[in-house]
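Presented below is the structure to which this report refers.
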Amino acid sequence: MLSTDIQKLENGGTSPRETTPFITFVLGGPGSGKGTQCMRIVENFGFTHLSAGDLLRHEISSNSEYAPMILNTIKDGKIVPSEVTVKLLQKAIESIDNDKFLIDGFPRSEENRLQYERIIGMEPNVVLFFDCPQEEMVKRVLNRRQGRIDDNEETVKERLKVFMALTMPVVDYYAKRGKIYKIDATGTEDEIFARVLPAFASLQFEMDYLLGHLTGHRKFTEPCKIVRLFLWTVWPS
Ligand SMILES: Nc1ncnc2c1ncn2[C@@H]1O[C@H](COP(=O)(O)OP(=O)(O)OP(=O)(O)O)[C@@H](O)[C@H]1O
Ligand SMILES: Nc1ccn([C@@H]2O[C@H](COP(=O)(O)O)[C@@H](O)[C@H]2O)c(=O)n1
C-alpha cells in the first residue's frame with residue numbers, strides 16, 4: 001500500500017480545494033540553491049514549501065510500492081515518471097491548509113509540466129528560475145554532505161545533463177509566457193535573497209488580490225500583472 005494513497009487519489013478520493021491556490025514553481029539546476037532560498041521565502045511570505053525531491057525521498061523511506069523504482073531513478077540522476085510525482089504533489093496541495101505554495105524542483109521536464117496541467121488543471125502563477133554556473137552547482141552539491149545518494153560526481157554529471165536537456169525547455173516555455181523571474185544565483189545566500197525579495201514584493205498585491213485578501217473587481221488582475229512586470233523590469237534585483 002502506498003504511504004501517500006496515490007491509488008485513492010486516482011479514484012478521486014481527496015476532496016478538491018475551495019479556493020484556487022497561488023502557485024510558484026521554483027526551477028534551477030542541482031545545487032543552485034532552490035531549497036535554501038525557498039526556506040527564506042517561506043519565513044518572509046507565508047508560503048508552504050513543497051519539494052518534489054523531498055516528496056519522492058519520503059516515498060522511498062516509507063517503503064511504498066514505488067520506492068525501489070524511485071530510489072534507482074534518483075541514484076541514476078534521471079526523472080521519475082510524471083504520474084508518480086504529480087500525484088504526490090496533488091495529494092500535498094489538497095491536504096495542506098494554505099493558499100500559497102512554492103513547488104520546488106518541478107516541473108523538471110515537459111512531460112512533468114503536461115502531466116501537472118492534465119491532472120491539477122492549472123498553470124503556475126509565476127516561476128522562479130535560479131541561474132547558476134555549472135561549476136558552482138557542482139561545488140555546492142559535492143559540499144552538501146547530507147548523505148544524499150545522488151550527491152556524488154557521477155550522478156551530478158547526469159543531473160546536469162538532464163537539467164540542460166529536459167528542464168531548460170520548461171524554463172524557455174515559461175519565459176515565452178512571461179512567467180519567469182530569473183534570479184542570479186551566485187554570491188552568498190543573503191545576496192541571492194536580496195534579489196528574490198523584489199520579485200515577491202512586486203507580486204504581493206496580485207497575490208492578495210487573487211486570493212481574495214483584497215476586495216475589488218476582477219478587472220484589476222491584468223493591470224496588476226502589468227505593474228508587476230514593470231516593477232520587475234525596472235528593479236529586478
Ligand atoms: N549561495 C550559496 N553559496 C554557497 N553555498 C550555498 C548557497 N546556497 C546554498 N548553498 C549550499 O549548497 C547546497 C545546495 O543548496 P540547495 O540544497 O539549496 O540547492 P538545491 O537547488 O535545492 O539543490 P537540489 O536540486 O540538488 O536539491 C547546500 O549545501 C546549501 O547549504
Ligand atoms: N520533479 C522531479 C523532482 C525530482 N526528481 C528526482 O529527485 C531527484 C532529486 O531532486 P531534488 O529536487 O531534491 O534535487 C532528481 O535528481 C530526480 O531524480 C524527479 O524525478 N522529478
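The numbers here are math on the coordinates, done by the rules we state, and not lab data. Model, not experiment: these values are computed from the prediction. All Cβ positions, glycine included, derive from the backbone under ideal geometry; neighbour counts span all protein chains shown.
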Calculate the spin-label point distance for LEU211 paired with LEU114, positioning each point 7 Å from the Cα along the beta-carbon direction, and give it in nanometres.
3.3 nm
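Want the number for GLN146 to GLU18: 0.36 nm per residue separation, take away the alpha-carbon distance, what's left? Present the calculation step by step, with values, prior to reporting the outcome.
Details: separation 128, 0.36 × 128 = 46.08 nm, distance 3.80 nm.
Taking GLN146 through GLU18 to full extension adds about 42.3 nm, to one decimal.
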Length gain on complete extension for the stretch THR36 to GLU189, per 0.36 nm per residue less the alpha carbon to alpha carbon distance?
54.3 nm
How many Å³ per residue does the convex hull of the Cα positions in the range 38-82 occupy?
91 Å³
Please give the length that would be gained between THR48 and GLU83 if that part of the chain were fully extended, namely 0.36 nm times their separation in residues minus their C-alpha to C-alpha distance (nm, one decimal).
10.4 nm
Taking 7 Å along the Cα-to-C-beta vector as the label spot, tell me the ASN98-GLN204 distance in nanometres, rounded to one decimal.
1.8 nm
